[in-house]
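Novice: Quick one: this structure, given as structure tokens, is what I'll be asking you about.
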Amino acid sequence: MNADLMSTIAAIQKQTDRVSIGAVLRDAFGGYGFDRFMIAGLPVEGEDVRSAVLLSGWPEEWFERYMSQGYAQIDPVVRHCLNTTLPFAWSEAPVDPELAPQIAVLAREAAEYGLEDGICVPVHIEGGPRGGVSLSGRAQTVDEKSRLELHMLALYAHGQLRYLTDQLPQTRTITAREAEVLKWAATGKTAAEIAIITGLTERTVAQHCENAQRRLGTSNRVHTVVEAIRHKLIAI
């Protein structure tokens, strides 16, 4: 795992409030070319959208406009978070034809505040509300390596903020063998490579990852590794 990424994760882990985490994230996301961000749960119908926000790095005036107009209910990025667990560019989010005129207004107003393009990382975890981390910047310039690092950083930040607000289970466990497999996965090893290193079959490696995913309530392997690190079940 990238040393700078681990350093950022360690810095987040040391913080005890959202403002301090926001300062760390502002520098970290900025290093990838993303200057604004929003970290939140996905709004539930009838819920005050503001209560779902964990941390806002948006311009305050745009935040107030977005909330007062109820844009979260029509925002294609928010809606697409419900249907995928993988990061996606804002432009990749499908637009409901019936909402197209309203979405055009939303996009035009967001652009006035400099939010024209970006990436969103969905967060789906068992036992907690679904959410997402949305980053404003030029998504087209992000290479595969940087996208993976942003994926891990966003998942970690979201989990830690949920932890601080007591919205996630505070203890999780995995077996020693599952921890061993996840530790190798965190270094970028494939299932085939981990099988050779550990002397297990590739299918057994996959099974350990699936079991750990189920124990940690995560939605994919990257998220499983991140939660294992966040709960200090593996060390890199």
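Novice: Could you check, for the range 79-96, whether at least one of its residues is over 18 Å from Arg36 (Cβ atoms) and crowded, with 20+ Cβ neighbours inside 10 Å?
Specialist: The answer is no, given that none of the residues of the range 79-96 is over 18 Å from Arg36 (Cβ atoms) and crowded, with 20+ Cβ neighbours inside 10 Å.
Novice: Inside the range 38-57, can you point out the residues that are closer than 19 Å to Leu115 by Cβ and open to solvent by less than 50 Å² (accessible area, probe 1.4 Å)?
Specialist: Result: Met38, Ile39, Ala40, Leu42, Pro43, Val49, Ala52, Val53, Leu54, Leu55, Ser56, Gly57.
Novice: (1) under 23 Å from Gln140 (Cα atoms); (2) touching a Ser or Thr at 6+ places or on another chain (Cβ under 8 Å); (3) open to solvent by less than 70 Å² (accessible area, probe 1.4 Å): which one isn't true of Asp35, the others all being true?
Specialist: (3)
Novice: Do you know which residues across the range 192-209 are more than 16 Å from Thr175 (Cα to Cα), open to solvent by less than 40 Å² (accessible area, probe 1.4 Å) and β-branched (Val, Ile, Thr)?
Specialist: Ile194
Novice: Using beta carbons and a limit of 8 Å, which pairs, at least six apart or on different chains, have the first residue in the range 5-27 and open to solvent by 70 Å² or more (accessible area, probe 1.4 Å) and the second one outside any helix (DSSP H, G or I)?
Specialist: Close Cβ pairs satisfying both conditions: Arg18/Leu54; Arg18/Leu55; Arg26/Phe37; Arg26/Gly57.
Novice: Would you confirm, using the coordinates I've provided, whether Gly131 is modelled with pLDDT under 95 and over 22 Å from Ala3 (Cα atoms)?
Specialist: Yes: the conditions hold for Gly131.
Novice: So is Ala212 in contact with an Asp or Glu (Cβ under 7 Å, 6 or more places away or on another chain), without any contact (Cβ under 8 Å) to a residue 24 or more places away in the chain, surrounded by 16 or more Cβ atoms within 10 Å (Cβ to Cβ) and not acidic (Asp, Glu) or not?
Specialist: no
Novice: Considering only residues of the range 129-158 that are farther than 15 Å from His80 by Cβ and basic (Lys, Arg), which is most open to solvent (accessible area, probe 1.4 Å)?
Specialist: Arg138
Novice: List the number of the failed condition for Ile174; all other conditions in (1) modelled with pLDDT under 90; (2) buried (at least 20 other Cβ atoms within 10 Å of the Cβ); (3) farther than 18 Å from Asp35 by Cα hold.
Specialist: (1)
Novice: Kindly indicate the residue of the range 32-53 that is more than 17 Å from the chain's Cα centre (by Cα) and of a type outside the set (S, T, N, Q) and also farthest from Ala154 (Cα to Cα) among those meeting that condition.
Specialist: Per the criteria, the residue is Gly46.
Novice: Search the range 50-65 for residues that are more than 19 Å from Gln160 (Cα to Cα) and pair each with any residue that is open to solvent by 30 Å² or more (accessible area, probe 1.4 Å) and in a strand (DSSP E or B) when their beta-carbon atoms are under 7 Å apart and the residues are at least 6 apart or on different chains.
Specialist: Close Cβ pairs satisfying both conditions: Trp58/Arg36; Phe63/Ser56.
Novice: Check every one of the helices (runs of 4 or more DSSP H) wholly within the range 79-196 and list those with 3 or more residues that are more than 28 Å from Arg18 (Cβ to Cβ) and in contact (Cβ under 8 Å) with a residue 12 or more places away in the chain.
Specialist: In the range 79-196, 176-186 are the helices (runs of 4 or more DSSP H) which contain 3 or more residues that are more than 28 Å from Arg18 (Cβ to Cβ) and in contact (Cβ under 8 Å) with a residue 12 or more places away in the chain.
The values are calculated or read from the model by the stated rules, or taken from the named source; none is laboratory data. These figures come from a predicted structure and were not determined experimentally. Heads up, the Cβs are rebuilt from the backbone with ideal geometry, glycines too, and the neighbour counts pull from every protein chain shown. Surface areas here come from the heavy atoms of the whole protein model, side chains and all, with no ligands, DNA or RNA. Shrake-Rupley method; radii C 1.70, N 1.55, O 1.52, S 1.80 Å.
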